[in-house]
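No lab work stands behind these numbers, since they all come straight from the coordinates. Please read these numbers as outputs of a predicted model, since none were measured by experiment. Backbone-built Cβ (ideal geometry, glycine too); neighbour counts: all protein chains shown.
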Amino acid sequence: MTKKLIIEPQYFPSIYWYKLLIENPDNLLIDLGTWYEKQSFRNRCLIGGVNKIEALIIPVSHKSQKNLNQETEISYETSWRRIHHHAIKSAYKSSPYFDYYENQIDEFYKNEFQYLWDWQKASIELVNKIIKIPFPELIVNFIEPNNSEYLDYRNSIHPKKGIPQGLETNEYYQVFDDKHGFRKGLSILDFIFNEGPNLNF
């Protein structure tokens, strides 16, 4: 029997997260029982900015930093939604497919969810609507590491780690590749704005 794969939810997930989903559409589980982890892709995504790779970070409330991911509350003390929205527009306004999805991005950043999970879920739903694949199955109860019934990819796709084994992607067109060369491991948004909805990576 094919083992299920488990992974943590992410905010506009990494291209590697989506490669895992595309290659395992019926076997990937999103673990809602996972703990929040600082400096992970749970509350940040990477985009290819004009001058550098930019990390778009959703701030969480201090009281939530030792909670389960689904109980982690968002802080709105700063105008981070406007900052993220503007950064995405600045980075991708000249990309081949940005005009197709600009209105959806505009609407997305009008949301004001209380919990981090709701932002993660909404970002995955938006991407999956664009690429026309169903939302992955959810698992609520925390699965202990090294559980032999599952292939555990939680925290394997991480800003401080290299490319996970087996999840390498082909290079694709990026709007600033003449200036920076190919930049690996960005959010799935980078691929969609530059190459469109057909995930042939």
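The modelled label-to-label distance between E71 and E112, using points 7 Å beyond Cα along the C-beta direction, is 2.6 nm. For the chain, modelled as a GNM whose springs connect Cα atoms under 10 angstrom apart, the maximal fluctuation among N24, N103, N43 occurs at N103.
Here the spin labels are modelled as points 7 Å beyond Cα on the Cα-Cβ line, and at S79 and A122 they lie 1.8 nm apart. Compared with the direct C-alpha span, the chain from H180 to E23 gains 53.6 nm at full extension, assuming 0.36 nm per residue. With contacts taken as Cα pairs under 8 Å and at least 6 residues apart, the range 1-117 reaches a relative contact order of 23 percent. If exposed means no more than 10 neighbouring beta carbons inside 10 Å and the site is in a DSSP loop, what's the longest run of the chain without any exposed GluC sites (Glu not before Pro)? The answer is 1-76.
Residues considered: F176, F142, F98. Largest GNM mean-square fluctuation over the chain, using C-alpha springs under 10 Å, is found at F142. Of the listed pairs K66/K179; K121/K160; K3/K160; K19/K89; K63/K89, which have alpha-carbon separations greater than 29 Å here? Pairs exceeding 29 Å: K66/K179; K63/K89. Each residue of the chain gets 119 Å³ once the volume of the Cα convex hull is shared out per residue.
How large is the helix-only mean residue ellipticity at 222 nm for the chain, computed as the sum of -39500 (n - 2.57) over DSSP H runs with n ≥ 4, divided by its residue count, in deg cm²/dmol to the nearest 500?
Numbers: 6 runs with 61 residues, N = 201.
Value at 222 nm, helices only, nearest 500: -9000 deg cm²/dmol.
Under the combined filter of DSSP loop state and at most 16 neighbouring Cβ atoms within 10 Å, the range 1-100 retains these trypsin sites (Lys or Arg not before Pro): K3, K38, K52, K66, K93. When only Cα pairs below 8 angstrom with a gap of at least 6 residues are kept, the range 98-201 shows a relative contact order of 26 percent. The GNM of the chain, with springs linking C-alpha atoms under 10 angstrom apart, assigns the highest mean-square fluctuation among G33, G185, G162 to G162. Taking Cα centre as origin and charging only the Cβ of basic (Lys, Arg, +1) and acidic (Asp, Glu, -1) residues, the dipole magnitude of the chain rounds to 480 debye.
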